[in-house]
Structures are given as C-alpha cells and as structure tokens.
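Remarks on the structure that follows.
We did not get these values from a lab; they are worked out from the coordinates using the rules stated. The structure displayed is predicted, hence computed values, not measured ones. Note: ideal-geometry Cβ built from the backbone for every residue, glycine included; neighbour counts use all protein chains shown.
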Amino acid sequence: MLNIYVSAGAENWADYREPLAAALARAGIAARMSDAAPDPSAVDYIVYAPASGLRDFSPFTRAKAVLSLWAGVEKIVPNPTLTMPLARMVNNELTEGMVEYVVGHVLRHHLGMDAHIHGQDGTWRNHILPPLARERPVAMLGLGELGAASARALAALNFPVMGWSRSQKEIAHVDCHAGEAGLDHVLSRAQIAVLLMPLTPGTTNIMNARRLGLMPKGAVIINPGRGPLIDDEALLAALDAGQIGHATLDVFRTEPLPPDHPYWAHPRVTVTPHIAADTRVPSACEKLVENIRRGEAGAPFLNLVDMARGY
C-alpha cells in the first residue's frame, strides 16, 4: 500500500481527491492519500503545488518523486531541500488550451480584428486587406512542449514561424535559432512575438528595452508564458512610443493584477486573467498515476525537471 501526500493546498485537494483516487484504482495501484501532515518517513510520493505550506522536503527520506501539478517549476526548483526527482505537469489538454490561445490571439492581431470589433461607429472606411499569413513573420520564444506545439500550429496556417530557445532545436517548418545572436535575429524580423519561455535567471526581464527596440515598429507581444519575462516599465514605454503596437498579456509578476496597475487602463494592452492554459484535473490525474506506476516499476519518470537548468 503506497502512501501519497497531496501537498497542494485545500482547493487542489478538493479538486483532486476523488479523481486521483479513481485513477489509481483504474491502474490497480493500492494507495492511501492524505492532505494532512503525515509521517514523512512513510511517504512514497508527494503530489505538490507551491500554494501548499510544504517547504522542507528533507524529512521525506522514502519519497521516490515530487509530482508537480504545475507546468512551471520556477517556484519549486530553488528549494535546496528538494533532492528527489521532480516531475512537472505536462498533459495534452493543457497543451491544446495553450495552442488555441496562441493561435487565436495571433490571428486576432494579424487580421486587425480589434478595429472592427471596437470600431462600430457607422463609418464605412476604405477597404484595407491585411497581409496573408505567409507575409507575417511570427517569433515563438521558447520551444518546449507548449512553444513547439504552438509553433507547429501557426506554421500549419502558413505563418513564417521563427523559433528561439536556449539550446538549438529542430522543428519541421519552423526556422529555429538559439543563443544571444539568434534571439536578436528573430526579434528584428518578428511582427508578432509569443513568449513561452520558462522563467529562469537567464530569462527574467529578457524582453527589456533593447530587445523591444529591435522589433519592427508596431510589432505585437503576446505573453502567455511567465510575467517576469517582460520588463514592465520598458514595455509600457515602448507602447507609449508606438514601438510596440499592442501587448496581449496573460501572466504577471503579481497575480491577480492589482486594480491600479497601468496595464489595465492602457489602450494598447489586453489583459487576460491567466486563462491561456490550465491543468485539467481528469487528464492531470492520469499523468500523475502514470508516473507513480513508472516509479513502482523502476521505469524513468515522465517530464523530469533538470534542476541545474531550472526546467
């Protein structure tokens, strides 16, 4: 009988308790689950979200893995007491949701939909066609699970997609680049840039004044990745100057975004409340159970985090 400690906060415990128990039963895995502080030496797996109070993993000497409910692990990796394997959450439904958000907002800006949605004033203006997708270069910054899937979807719509990542990647129909020079190259050509990088010391404020200034005048930023990827003051200045034409932002340094934050009132900013993609409980439970099954079978865990890299 396995002991599983769900240290993920009261809301997650309420959401996951029954579906996770059902998924374990379907897999034939006998387990006890609890969200109460257990005997650490008896815990086999920790299902975790940083919203819980658990900060010291060192007493959990028997635990085979920490299974995160989050795709992002930047709030977990810096913990020096975390010495057992850490697996992040990746599931198909989360990826599908992100692809739909990215494609939707890229098409919105590509087609200039806002002018018609918000411009119903009774004036029939000159008919101006938007360019075709093949004439609109898009940058995908970050080519992990979510970025690669979104890049492929945009390429399938005929957008010229340039990808950038820390290490060189190869993705069919995506012009992939890496390194500092590669990032400058991609940004200097991108009329729309989508930010899906992990948050690390190297990517914090990566979209600073210099890099925003590299983009073609009037370019669009879409950030469904991590709030601190953007230097907020630099972005506001670039928007005010017209260097950046619009920013669609789903993630922020402080969430919920404070009511007095300048983004709310800025005419060239769209705020969405961290809805681009979320973990869906039923499919997430299947992923958790698959990793528990693998742990018991001595097989490699899925979606292991490289602690040195931070993702």
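Details
- Our coupling estimate for region 161-170, obtained by passing each phi through the Karplus curve with A = 6.51, B = -1.76, C = 1.60 and θ = phi - 60°, is 9, 9, x, 9, 8, 4, 10, 5, 10, 10 Hz, Gly and Pro reported as x.
- Under a model in which nothing but the beta-carbon of Lys, Arg (+1) and Asp, Glu (-1) is charged, region 92-271 shows a dipole of about 480 debye around its Cα centre.
- Residue-count net charge about Gly310 - beta-carbon cut-off 14 Å; Lys, Arg +1, Asp, Glu -1: +3
- The chain: Rg to Rh, with Rh as the Kirkwood radius over Cα pairs: 1.02
- Base-10 log of normalised Debye intensity for region 141-295 (one unit scatterer per alpha-carbon) at q = 0.10, 0.18 Å⁻¹: -0.39, -1.12
- Inverse mean reciprocal Cα-Cα distance (Kirkwood Rh) of region 193-253, Å: 11.3
- Share antiparallel - DSSP beta bridges, region 92-271, percent rounded to 5: 5
- Annotation: lysines with alpha-carbon distance below 29 angstrom to Lys287 (same-chain offsets under eight excluded): Lys64, Lys75, Lys169.
- Inter-label distance, Glu255 to Ser58: 3.1 nm, where each label sits 7 Å from its Cα along the C-beta direction.
- With the convex hull drawn over the C-alpha atoms of region 1-146, the volume per residue is 178 Å³.
- The HN-Hα couplings worked out from phi for region 234-249 by the Karplus form 6.51 cos²θ - 1.76 cosθ + 1.60 (θ = phi - 60°) are 5, 5, 4, 5, 5, 5, 4, 7, x, 5, 9, x, 6, 10, 9, 10 Hz, whole numbers, x standing for Gly and Pro.
- Inter-site label distance for Ser188 and Ser167 at 7 Å from Cα along Cβ, in nm: 2.7
- Extended-chain gain in nm, criterion 0.36 nm per residue less alpha-carbon gap, Gln120 and Ala178: 16.5 nm
- Which of Met215, Ala155, Thr254, positive extreme of dipole for the chain (C-beta unit charges): Ala155
- Charge dipole (Cα centre; +1 on Lys/Arg Cβ, -1 on Asp/Glu Cβ; no other charges) of the chain amounts to roughly 560 debye.
- Computing FRET efficiency as 1/(1 + (r/R0)^6) for Met84 and Lys217, where r is the C-beta to C-beta distance and R0 is 45 Å, gives about 0.35.
- Placing R0 at 30 angstrom, the Cβ-Cβ distance between Glu296 and Glu96 gives a FRET efficiency of 0.55 after rounding to 0.05.
- Once the chain from Asn208 to Ser41 is taken as fully extended at 0.36 nm per residue, the excess over their C-alpha distance is 55.5 nm.
- Counted over the chain, the DSSP beta bridges are approximately 5% antiparallel.
- Projected label distance in nm at Ala308 and Leu132, using a 7 Å step from Cα toward the beta-carbon: 4.7
- Remark: relative contact order (the chain) = 17 percent; criterion is Cα-Cα distance under 8 angstrom and separation of 6 or more residues.
- Residues whose amide H comes within less than 5 Å of that of Arg268, counting only those at least five positions distant or on another chain, are absent (H built at 1.01 Å from N in the peptide plane).
- Between amide H atoms placed 1.01 Å from N, distances below 5 Å from Asn3 occur with Arg32, Asp44, Tyr45, all of them 5 or more places distant or on a separate chain.
- With the alpha-carbon atoms of region 75-151 aligned to their principal axes, the span from lowest to highest coordinate is 64, 27, 22 Å, starting with the largest.
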